[in-house]
1. For ILE1, are the conditions met, namely being surrounded by 14 or more Cβ atoms within 10 Å (Cβ to Cβ) and either on the phi > 0 side of the Ramachandran plot or of a type outside the set (Phe, Trp, Tyr) (or both)?
2. Strands (runs of 3 or more DSSP E) wholly in the stretch 1-90 with at least 3 residues that are under 16 Å from the mean Cα position of the chain (by Cα) and closer than 18 Å to PRO109 by Cα - which ones?
3. If LEU20 passes every condition in (1) open to solvent by less than 50 Å² (accessible area, probe 1.4 Å); (2) over 17 Å from ILE60 (Cα atoms) but one, which one does it miss?
4. Looking at the stretch 49-85, which of the residues that are exposed (fewer than 14 other Cβ atoms within 10 Å of the Cβ) and closer than 22 Å to ASP12 by Cα is modelled with the highest pLDDT?
5. Please find, within the stretch 29-48, the residue that is nearest to GLY126 (Cα to Cα) out of those that are touching a Pro at 6+ places or on another chain (Cβ under 7 Å) and surrounded by fewer than 18 Cβ atoms within 10 Å (Cβ to Cβ).
6. Taking the condition of being open to solvent by less than 60 Å² (accessible area, probe 1.4 Å), closer than 16 Å to GLU55 by Cβ, touching a Ser or Thr at 6+ places or on another chain (Cβ under 8 Å) and hydrophobic (A, V, I, L, M, F, W, C), how many residues in the stretch 109-128 meet it?
Amino acid sequence: ILKCAQIPFLHDVNDSTEKLRQLLLLLVQIKIIPIHLFHAMPFTPGVNLFRPKVEKGRKILSEIRRHDSSLIIPMYEIVHQTGKYEIPIDGTIESDSNSLHYGDLDGHPTVEFTNYLGKKVIYLDGCA
């Protein structure tokens, strides 16, 4: 039986390299494949207390990838009401037209990307 994990990325829970690395290694040790690391859902009540910056997740996964097998590295994704977006872990974030761009909306940090329909999405970045 194949077992897979979909992991939320949460502030003060698994938002450090060591905590997330330990979690990923433990999952693999108990024969569970870490498939998705989801940035916290944007329209969930109270989520702002637990939502880290998108860039923080990129840096953490990049650090883990440098030291461990890529088999333990899940896809890092933003889930938005218009669809999900896979966040590139390595390289530059602005390497193609569909990449992430950081911005600001009325004093709040944002992440902008193009969804699967080709439409620009503005996503409020982490508050924690």
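The values are calculated or read from the model by the stated rules, or taken from the named source; none is laboratory data. Please read all numbers here as calculations on a predicted model, not as lab measurements. Counting neighbours? That spans all protein chains shown, and the Cβs are built from the backbone with ideal geometry, glycine included. The protein model used for the area step is the full one, side chains on, heavy atoms only, and it has no ligands, DNA or RNA in it. Shrake-Rupley method; radii C 1.70, N 1.55, O 1.52, S 1.80 Å.
1. Working: surrounded by 14 or more Cβ atoms within 10 Å (Cβ to Cβ): no; either on the phi > 0 side of the Ramachandran plot or of a type outside the set (Phe, Trp, Tyr) (or both): yes.
For ILE1, the condition - surrounded by 14 or more Cβ atoms within 10 Å (Cβ to Cβ) and either on the phi > 0 side of the Ramachandran plot or of a type outside the set (Phe, Trp, Tyr) (or both) - is not met.
2. Working: elements: 4-9, 33-39, 75-80, 83-87.
Where strands (runs of 3 or more DSSP E) fall fully within the stretch 1-90 and carry at least 3 residues being under 16 Å from the mean Cα position of the chain (by Cα) and closer than 18 Å to PRO109 by Cα, they are 75-80.
3. Checking LEU20 against (1) open to solvent by less than 50 Å² (accessible area, probe 1.4 Å); (2) over 17 Å from ILE60 (Cα atoms), the one that fails is (2).
4. My answer is LYS59.
5. Taking the stretch 29-48 as the starting set, the residues that turn out to be touching a Pro at 6+ places or on another chain (Cβ under 7 Å) are 34-38, 40.
Remaining after also requiring surrounded by fewer than 18 Cβ atoms within 10 Å (Cβ to Cβ): 35-36.
Numbers: ILE35: 22, HIS36: 18 Å.
Only one residue tops the list, namely HIS36.
6. Total meeting the criteria: 1.
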